[in-house]
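The values are calculated or read from the model by the stated rules, or taken from the named source; none is laboratory data. All of these numbers come straight from a predicted model, not from anything done at the bench. Please note: Cβ atoms are built from the backbone with ideal geometry, for glycine as well, and neighbour counts cover all protein chains shown. These area figures cover heavy atoms from the full protein model, side chains too; ligands, DNA and RNA do not enter into them. Shrake-Rupley method; radii C 1.70, N 1.55, O 1.52, S 1.80 Å.
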Amino acid sequence: QALVVESGGGSVQPGGSLRLSCSAGETLFRINHMGWYRSAPGNEQRELVATITNRGDTYYADSVQGRFTISKDNSKVAGYLQMSSLKPEDTGTYYCNLRPSFHEYTTMHGYWGQGTQVTVSS
């Protein structure tokens with residue numbers, strides 16, 4: 001059984017929107033910060049997209065700043081990545097990651113989901 005589960009991916013035209021969701025066991029979700037990574041088609045390397053701490057501090061990659069919004073609702077044990085004004089280069093597999101700290105964000109630390117596919121194409 002997966003510890004972290006993503007959902008909400010799909011196919012959308014450029015300029016469209018999608019909302020990804022992340023869920024996990026209650027304790028695991030509440031004590032960790034949350035981040036979203038993505039990997040482009042044919043590329044195993046994961047790029048950090050956005051993070052949010054339990055205090056509500058957020059970080060966004062330059063490529064998504066102003067278009068994506070990350071949120072985390074501990075009362076509902078659910079996290080989200082609202083994606084708007086999607087571009088073809090946003091296509092990829094999106095992963096939710098829960099970990100105590102994102103200081104070493106290039107590592108594969110923490111708990112990962114299996115990923116959800118996002119395709120932006122006309």
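Residues satisfying the criterion are absent from the range 90-99 (criterion: modelled with pLDDT under 95, surrounded by 15 or more Cβ atoms within 10 Å (Cβ to Cβ) and aromatic (Phe, Trp, Tyr)).
Scanning the range 1-31 for residues that are open to solvent by less than 20 Å² (accessible area, probe 1.4 Å) and at pLDDT below 95 yields a single hit, 29.
Being among the small types (Gly, Ala, Ser), within 18 Å of residue 6 (Cα to Cα) and either touching a helix residue (DSSP H, G or I) at 6+ places or on another chain (Cβ under 6 Å) or touching a residue at least 24 places away in the same chain (Cβ under 8 Å) (or both) is the requirement here; does residue 23 meet it? For residue 23, the condition - among the small types (Gly, Ala, Ser), within 18 Å of residue 6 (Cα to Cα) and either touching a helix residue (DSSP H, G or I) at 6+ places or on another chain (Cβ under 6 Å) or touching a residue at least 24 places away in the same chain (Cβ under 8 Å) (or both) - is met. Taking the range 11-63 as the region of interest, the strands (runs of 3 or more DSSP E) fully inside it that hold 1 or more residues being of a type outside the set (D, E, K, R) and farther than 15 Å from residue 105 by Cα are 18-24. Condition check for residue 92 on (1) touching a strand residue (DSSP E or B) at 6+ places or on another chain (Cβ under 8 Å); (2) in contact (Cβ under 8 Å) with a residue 60 or more places away in the chain; (3) at positive phi: one failure, at (2).
Evaluated against (1) under 14 Å from residue 17 (Cα atoms); (2) within 10 Å of the chain's Cα centre (by Cα), residue 118 falls short on exactly one condition, (2).
Residues that are surrounded by fewer than 16 Cβ atoms within 10 Å (Cβ to Cβ) and touching a residue at least 12 places away in the same chain (Cβ under 8 Å) within the range 67-77 comprise 67, 71, 74, listed in sequence order. Of all residues in the range 10-34, those satisfying the criterion of being in contact with a Gly (Cβ under 8 Å, 6 or more places away or on another chain) and of a type outside the set (A, V, I, L, M) are 19, 21, 22, 23, 29, 32.
Each residue in the range 36-68 was checked for being touching an Asp or Glu at 6+ places or on another chain (Cβ under 8 Å) and among the basic types (Lys, Arg), and 1 pass.
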